[in-house]
């Protein structure tokens, strides 16, 4: 997919972080280096290490740092961090996703084809680190289960890289505090009929020793969220 012709600053990047002192400064440098970045909202989710100190040390007028009083989860951090801008992208504070690929994410938005773009780790053509077999199986199971309830054909529902038109985020309220954010927003986007595109992205997955946080309980809760926010569940609630 071709990149947008005019790389003007148009993007709000929301960076939720919890205990990411080792990687945060590098990620923010990469985000700020993108010609598409207009502003960066860092939301420290009650970290116990120096994450908040690292965030506040960033000397750039485009950066806003928000601090949660205690750890509430990724969804809660994103809910606080979404701010007014034409386009918004979610950027985890680790080094698994590369801000150099914002051009690919934004292309379907800027040329009017899409309302939402998912960066898929499973579309061909992009390098990715080889890691946990059962994580890949779990991801595919959750994506398939989500597709059953949304009637979409996504390849990577659980991806961090989701880029939105501002109107999309204003059309619903994010309710989930933790990793249930991913299936929740997917279900709500599908119900409202927003146009979704996927683009291939690279992925430098990290190990639990490196600080990976998602676990099997989050996978179970994702199933709950897929059902809870589906159109089918809405029909049962109206009865």
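How high is the relative contact order of the stretch 11-238? Use alpha-carbon pairs under 8 Å, at least six apart in sequence, and give a whole percent.
Worked out over the stretch 11-238, it gives 23 percent.
Using 0.36 nm per residue of separation minus the Cα-Cα distance, give me the extension gain between residue 111 and residue 234 in nm, one decimal.
Once the chain is fully extended between residue 111 and residue 234, it gains 41.0 nm.
So for the stretch 11-238: antiparallel DSSP bridges make up what percent, rounded to the nearest 5?
Here the share of antiparallel DSSP bridges comes out near 20 percent.
For the chain, modelled as a GNM with alpha-carbon contacts under 10 angstrom, which of 214, 42, 201 fluctuates the most?
Maximum among the listed residues: 214.
Can you tell me the FRET efficiency between residue 33 and residue 145 if r is taken as the Cβ-Cβ distance and R0 is 41 Å, rounded to the nearest 0.05?
E(calc), rounded to 0.05, equals 0.65.
Along Cα→Cβ, 7 Å out, is where each label goes; now give me the distance between the ones at residue 48 and residue 192 in nm to one decimal.
The two pseudo-label positions are separated by 3.7 nm.
Between the stretch 162-185 and the stretch 133-155, what is the separation of their alpha carbon centroids in Å?
With the stretch 162-185 and the stretch 133-155 each reduced to a Cα centre, they are spaced 18 Å.
State, in angstrom, two size descriptors of the chain derived from its alpha carbons: Rg to one decimal place and Dmax to the nearest whole number.
17.0, 54
Given 0.36 nm per residue, what is the gain on full extension from residue 170 to residue 136 after removing their alpha carbon distance, in nm?
Here the answer is 9.1 nm.
Among 153, 19, 71, whose mean-square fluctuation peaks in a Gaussian network model of the chain (Cα, cutoff 10 Å)?
153
Shape verdict for the stretch 64-192, please, from the Cα gyration tensor: rounded (a/c under 1.5), prolate (a/b greater than b/c) or oblate.
rounded
Would you mind calculating the gained length between residue 58 and residue 204 on full extension (0.36 nm times residue separation, minus the Cα-Cα distance), in nm to one decimal?
Working it through step by step, the gained length comes to 50.2 nm.
Values quoted throughout were computed directly from the atomic coordinates according to the rules given, and no laboratory measurement underlies them. Just so we're clear, the structure is a prediction, and the values are computed from it rather than from any experiment. Neighbour counts are summed over all protein chains in view; Cβ atoms, including those assigned to glycine, are modelled from backbone coordinates with ideal geometry.
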